[in-house]
Every structure is written in structure tokens, then in C-alpha cells.
Amino acid sequence: MEYDAHVAKLLHALVDRFDWEPITEAGNIIGCKLNGQSVTLEPGGQFELSGAPLANLHQTCAEVHSHLYQVKTVAKEIGVSFLGLGFQPKWSVADTPVMPKGRYKIMKQYMPKRGNKGLDMMFRTCTIQVNLDFESEEDMVRKFRTSLALQPIATALFANSPFCDGKPSGQKSLRSDVWTDTDPDRTGSLQWVFEDDFGFERYAEYVLDVPMYFVYRDGAYHDVTGESFRDFMRGELPQFPGEYPTLDDWEQHLTTCFPEVRLKRYMEMRGADGGPWGNICALPAVWVGLLYDETALADAEALVADWTPEEREYLRKAVTKDGLQTKFRDGTVQDIAVEMVRISKEGLTRRGCNEENFVDGLMEMATSGQTQADKLLDAYVNKWGMDIDRVYKELSY
């Protein structure tokens, strides 16, 4: 989907017809914002809706529904559509247009120096994330540890990226597999989070040690790849001697860390593939049910309490290939997924907001062992005649 022919048209249409305010860089429209929401572009033209802070899942789903109505209305008129998948099933990195954002140019040059799949991550993956808040440092620590341990289970449940270069890839979540070979300085499952001294300060120390990508000044991104933010804080950044970072510099730097759970002023759950409509609402639902009810959070903590660092790392890597069928101890990840969704649904019920039905589809997947990836692989062989183009019809919004 070329930027100027399609992506820019879509963004301009949101501004002209639905009253969004444009976000521009170097004369190009690169996003738009409205009432606490924003639509921004990922490197390969992926659209990202960042929603406003909301009180319940009904509001979240209504917000997403409104967004999809708007972009689908415009997309249909110009002959394009959106694909609900976690990895581009056909196009190569070379086939994918680069969005006109300065930070992406810098990242594209740097990524191959730190891993083999960084460009795949940038240009060919798509995720659904949910942002959740916390009320204290202690609350953050409990939620962060629990959600980090369970992130591989979410990856397995939401696996929806089994194709690459026009055929099955051998992975059920190729998107998640790509992250295991992207950049070890800023990715991973952060095993130190489970140590006794974890808190805001420990996370800040981690971010300070993540090598920098850029500094944004006077409307432009300046390449400082590999430099130290600690040096920047001492006024010793070679490219900006004697200059000190602003709070905006720190916030920008935070966005260049890519662990499975990311901490800002809230926590980002980053383990799920992009997917169909039902998955968009199910993802925040399963995490809200687990983390926003005290009994559910305690049950979820107990579920993962005796997992070892080696087991957590094993799960992170193994589920990308085998999904719910991943072997774990005396059973499979499917067993854990059933329990995880059960705990979540009970937590949602206790919240009293009539939200528990949002995880019914997940429970069906967990109990059957058939995720979206499994269904797609079966369809590829038995219904599509191994014609990958059929996926565009089946999973288009």
C-alpha cells in the first residue's frame, strides 16, 4: 500500500470527513488525533489506533468500532482494505513502502546491526496491544510480573501469523518469533523483573542502559544510534555536546524499548498478534479480568508463582512455533490457557460491568485448542488449495 497513493489519502480523509486533527512531519501527514485518541503509522503502513483512557470494555469496543467504521468507509472508496493478521503473508520487506517518518529511517539502518529479523519486525508485523494502569508501585510490580509471565500464553491464544512469503512459515505466531531475533538490547522477557529489588527505579535503570536511536530537535530526528542516554544526561552525548535531555527526550527513549511488557505511565501488553474483530475486544478483556480484580490477580500470581526463569524463557520461544500445543511440565500451554481465561472471566464477573462475555471466544479457543492460526493453516490446505491470496478475502476488514 503506497504511502502517497493510499495511506496519505486515508489519513487526509479522516481529517476532512471525520474532523480529526492532522499530525505532520516534514510536510507529510503521518497521523491524526481526536479527543484523546490518535491514529499513527507504523513503519510499513500499519495503522495504529491509540485509544483514549476509558472506564470499561464496552467503551473500548465502541471506540474501536467507530474507528473501524471510519477507516473502512474511506478505504472502500479508494479500493483498499485492512488485513487482520499478525504478519504480512506475501510481501517481502523490499515490497513494503517505508512511511515518511524520520525515526523509521534511522531504525531501518540500525536494525540489521543488532539482529537478523529487525526489518521483518518493522515492516511485516502487526500486533494488538492493551494499555493498563496501576495505582501504586507495589500494584505495578504485581501486575507487571504476572502479565510478563503469562505473556507467552497470550501469544499462543492470539496466534494469528502462520504465513510468510506466500506459504506456511512453520510458526503459528511468526510475529512473536521475529521478536526473538530483533535486538537483544531492547527486547525479551526481562527475567530481572522477578528479583526482589524490582520497581520503578530498577526499570528506569534498565531503560537508561538501552542504546539510543535518535534525538528529536527542531522538527527532525538526529541519528545517535548506539549512544548512551546516561552520557546524554551528563551532557556528554557526542552529537550534542553540552546539551541535556528534556522530559520529551526521555519519553521518546522509552518508546524504543520493546520488551514483552513495557512500562510507561501505564503497562503495555505486547504479546498478541493482530487479528479479527473478536480478538480486538478479547485482548483487553482477558487482561482486565486478570489484573483489575484482587482475587483474580492473586489467582493469576499463584498460577505462575513457581515457574523458573528457564521455563519462562522456554515458553516465550516455544509458543511461537507450537502455540497452545506447546509442551509444558506434565501438560501443555493449552491447560494453562484454559485456567488463565477462567480466572479472567471470574474477575470480569466480579467487576460487575457485564464484560465477561468478551472472553467467551477465547475460552472456546482455549478448550478446543484451535486458535486462529490453526484454523488458517487448515483452511490453506483444505479450502484454499494452497492459494495464499485467499487470506486477503478471509481476513480483510
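Listing for the model above:
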{"item": "Value at 222 nm in deg cm²/dmol, rounded to 500, when DSSP H runs of n ≥ 4 in the chain each add -39,500 (n - 2.57)", "result": "-14000 deg cm²/dmol"}
{"item": "GNM flexibility winner over the chain from Pro89, Pro53, Pro152 (Cα, springs under 10 Å)", "result": "Pro53"}
{"item": "Centre separation in Å (Cα based) which lies between segment 288-327 and segment 357-390", "result": "22 Å"}
{"item": "Ellipsoid equivalent to segment 1-129 - semi-axes via the Cα gyration tensor, in Å", "result": "25, 17, 15"}
{"item": "Distant-in-sequence amide H partners of His222 (H built 1.01 Å from N, under 5 Å)", "result": "Val215, Tyr216, Arg217"}
{"item": "Segment 1-82, relative contact order in percent, only Cα pairs under 8 angstrom and at least six apart counted", "result": "22 percent"}
{"item": "Residue among Asp196, Asp322, Asp120 with the largest mean-square fluctuation in a Gaussian network model of the chain, springs linking Cα atoms under 10 Å", "result": "Asp196"}
{"item": "Given charges at beta-carbon only (K, R positive; D, E negative), |dipole| of segment 1-82 in Debye", "result": "220 debye"}
{"item": "Dipole magnitude (debye, nearest 20) for segment 260-397, charges at Cβ of Lys, Arg, Asp, Glu", "result": "440 debye"}
{"item": "Charge sum, other residues only, whose C-beta stays under 13 Å from Gly79's C-beta, Lys/Arg counted +1 and Asp/Glu -1", "result": "+1"}
{"item": "Nearest-20 debye value, segment 34-160 charge dipole, Cβ charges on Lys, Arg, Asp, Glu", "result": "700 debye"}
{"item": "Per-selection Kirkwood Rh - the chain (Cα, Å, 1 d.p.)", "result": "21.9 Å"}
{"item": "For Val130, distant residues with modelled amide H under 5 Å away", "result": "Met269"}
{"item": "Positive-end residue of Thr40, Pro100, Leu190, charge dipole of the chain with Cβ unit charges", "result": "Pro100"}
{"item": "Mean Kyte hydropathy of -1.0 or more with a Cα span along the axis of at least 30 Å, helices from DSSP in the chain", "result": "57-78"}
{"item": "Segment 210-250: C-alpha pair distances exceeding 12 Å, %", "result": "55 percent"}
{"item": "Added length on full extension, which subtracts the Cα-Cα distance from 0.36 nm per residue, Asp4 to Met233", "result": "78.6 nm"}
{"item": "Segment 133-236: C-alpha gyration tensor shape, a/c 1.5 cut-off, then a/b vs b/c", "result": "oblate"}
{"item": "Computed lengthening from Glu195 to Gln370, 0.36 nm per intervening residue step minus Cα-Cα distance", "result": "59.5 nm"}
{"item": "Links that overshoot a 18 Å alpha carbon limit, given the list Lys90/Lys167; Lys317/Lys383; Lys172/Lys375; Lys167/Lys321", "result": "Lys317/Lys383"}
{"item": "Three-way shape call for segment 81-167 based on the alpha-carbon gyration tensor, with the a/c threshold at 1.5", "result": "prolate"}
{"item": "Distribution of pairwise C-alpha distances over segment 208-305, 10 Å bins, in %", "result": "13, 33, 22, 20, 12, 0"}
{"item": "Segment 277-397 shape via C-alpha gyration tensor axes, a/c threshold 1.5", "result": "oblate"}
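Values in this text are rule-based calculations from the coordinates and carry no lab data. As the structure is a computational prediction, the values presented were derived from the model and not from experiment. Neighbour counts run over all protein chains shown; Cβ positions are idealised from the backbone, glycine included.
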